[in-house]
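As structure tokens, the structure follows; a few thoughts come after it.
The values are calculated or read from the model by the stated rules, or taken from the named source; none is laboratory data. These numbers come from a predicted model, not from an experiment. Counting neighbours? That spans all protein chains shown, and the Cβs are built from the backbone with ideal geometry, glycine included.
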Amino acid sequence: MTPTVLAVGAWLKNAGCLVLHSRVHWSPVHGDLSDPLACAKLEHSVLALVQQAAEAGAPVQAIAHDLHPDFFSTQLAIATADALGVPAIGVQHHHAHLAAVVAEHGITGPVVGLALDGVGLGSDGTPWGGELLWLDGAQWQRLGHLQPLALPGGDRAAREPWRMAASALHALGRGDQIVTRCGLVVGESVAAGVRQMLDKGLNCPMTSSAGRWFDAAAGALGLCHRQHDEAQAASALEQAATRALSVRPDLPPLAGALRHADGRIDLRPVLAQLFDAPDADLAAAGFHLAMADVLADALIAAAQARRTRTAVLGGGCFFNRILRERTVRRLVDAGLTALLPGPSGCGDAGLAIGQAWVAAQHIATPQAQTPVEETVPCA
């Protein structure tokens, strides 16, 4: 019998779920927990799901939550678990994304997967978002990740793609171009301040986020400098790529993507070509194809090394049709079974089922609760 587990989701597009008698009962989508009303709705849903389990004669045995200690969902999970006298189980964000696919498809046995999104706290305390993982029951391992980029200004960089373009220039050893290029958009003094931050490493946390790589590409091509809506830069980049591919469907990827022996997947040589690209649409398409191909290659190599034929894909970046379809095609051509999330979707609104699945695995196999946290090269 599957344990009765409640999961509370993360921060963005929050939704919770209850696994009761092997069936999943979802709460409504509450929205982002920066809104106090969304927090109140989540609290109401948690109480209702706890009561539902009790009335069914199968009280909640554990509550799963994100690793981030400052999320309202995390704090609510811990407080509720304490009140019920049951364990609160933290689940790494990208592990949960891929576990959601495993749970929805009823997969048994090991899988490898790509979790690509904007950000989620890693088990090492740094922000992740471009992750290659191996999962087998309660065990998981980080096999690789996108080359980290600096976030000049922290969370502000996620709202201002020009900052990610500046970060990319700095990572390419072209920091002396930040003021001349970005100053045209935001003013020389602001651009100079960001360059100084990058030079000194001040308020510049590193992230492996795929979302920030898309932002950097959009900023480099001048498609979006400031975001007023979520994923605005990534959407502009995808639209540009779609225009190019509609005219030239056989367009090749940009060259230069690297896979390092330590598991890093490095798109800096690809991104370098965007800053002086004569055609933004063609460059956007080439960037998409290069990213999809190098990620698919890394996943195929991981599957071969781990002797599995099943690959799972999760995280909000897979809403991107070009990235999703190109990656799946490459995996299928290599003889892998490629699986995507079900009706709950690849974004954070469907995350809770992955959290619940991981918590259930922990209850079933408590001796296997500790992940191997260091990156282990897959090939």
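Filtered by the rule that a residue be in contact with a strand residue (DSSP E or B) (Cβ under 7 Å, 6 or more places away or on another chain) and in contact (Cβ under 8 Å) with a residue 40 or more places away in the chain, segment 88-106 gives 89, 91, 93, 94, 95, 97, 98, 99, 100, 101, 102, 105. The number of residues in segment 79-99 that are over 11 Å from the mean Cα position of the chain (by Cα) and either hydroxyl-bearing (Ser, Thr, Tyr) or over 13 Å from residue 138 (Cα atoms) (or both) comes to 10.
Given the criteria surrounded by 18 or more Cβ atoms within 10 Å (Cβ to Cβ), over 24 Å from residue 174 (Cα atoms) and at pLDDT below 95, does residue 236 qualify? Before you say what the answer is, go through the steps one by one.
On the way: surrounded by 18 or more Cβ atoms within 10 Å (Cβ to Cβ): yes; over 24 Å from residue 174 (Cα atoms): yes; at pLDDT below 95: no.
Spelling it out, it is not the case that residue 236 is surrounded by 18 or more Cβ atoms within 10 Å (Cβ to Cβ), over 24 Å from residue 174 (Cα atoms) and at pLDDT below 95.
Evaluate the following for residue 162: is it crowded, with 24+ Cβ neighbours inside 10 Å, touching a Leu at 6+ places or on another chain (Cβ under 7 Å) and of a type in the set (Phe, Trp, Tyr)? Answer is no for this residue.
Of the residues making up segment 137-147, those that are at pLDDT 95 or above and assigned to a loop (DSSP other than H, G, I, E, B) number 1.
Residue count for segment 338-348 satisfying the condition of being farther than 12 Å from residue 300 by Cβ and touching a strand residue (DSSP E or B) at 6+ places or on another chain (Cβ under 8 Å): 7. Tell me yes or no: at least one residue of segment 185-202 is exposed (fewer than 13 other Cβ atoms within 10 Å of the Cβ) and basic (Lys, Arg). Within segment 185-202 (the criterion being exposed (fewer than 13 other Cβ atoms within 10 Å of the Cβ) and basic (Lys, Arg)), the answer is yes, since at least one residue qualifies.
Of all residues in segment 319-340, one or more are farther than 25 Å from residue 89 by Cα, touching an Asp or Glu at 6+ places or on another chain (Cβ under 7 Å) and among the β-branched types (Val, Ile, Thr).
Look through 46, 8, 19 and report the one residue that is over 19 Å from residue 71 (Cα atoms) and touching a residue at least 12 places away in the same chain (Cβ under 8 Å). Talk me through it step by step, then tell me what you get.
Working: 46 fails: over 19 Å from residue 71 (Cα atoms); 8 fails: over 19 Å from residue 71 (Cα atoms).
The conditions single out 19.
Residues in segment 270-302 that are farther than 22 Å from residue 337 by Cα, among the small types (Gly, Ala, Ser) and surrounded by fewer than 22 Cβ atoms within 10 Å (Cβ to Cβ): 272, 277, 280.
Taking segment 1-30 as the search range and keeping residues that are small (Gly, Ala, Ser) and modelled with pLDDT of 95 or more, which one is surrounded by the fewest Cβ atoms within 10 Å (Cβ to Cβ)? Step through it out loud before you land on a result.
Step one: of segment 1-30, the residues small (Gly, Ala, Ser) are 7, 9-10, 15-16, 22, 27.
The next check asks that each one be modelled with pLDDT of 95 or more; those that pass are 7, 9-10, 15-16, 27.
Values: 7: 35, 9: 31, 10: 28, 15: 24, 16: 30, 27: 22.
Going through the qualifying residues, I end up with 27.
Segment 1-49 holds no strands (runs of 3 or more DSSP E) entirely within its bounds that carry 3 or more residues that are within 19 Å of the chain's Cα centre (by Cα). Residues that are surrounded by fewer than 24 Cβ atoms within 10 Å (Cβ to Cβ) number at least 2 in the following strands (runs of 3 or more DSSP E) confined to segment 56-136: 88-91, 111-121, 127-136.
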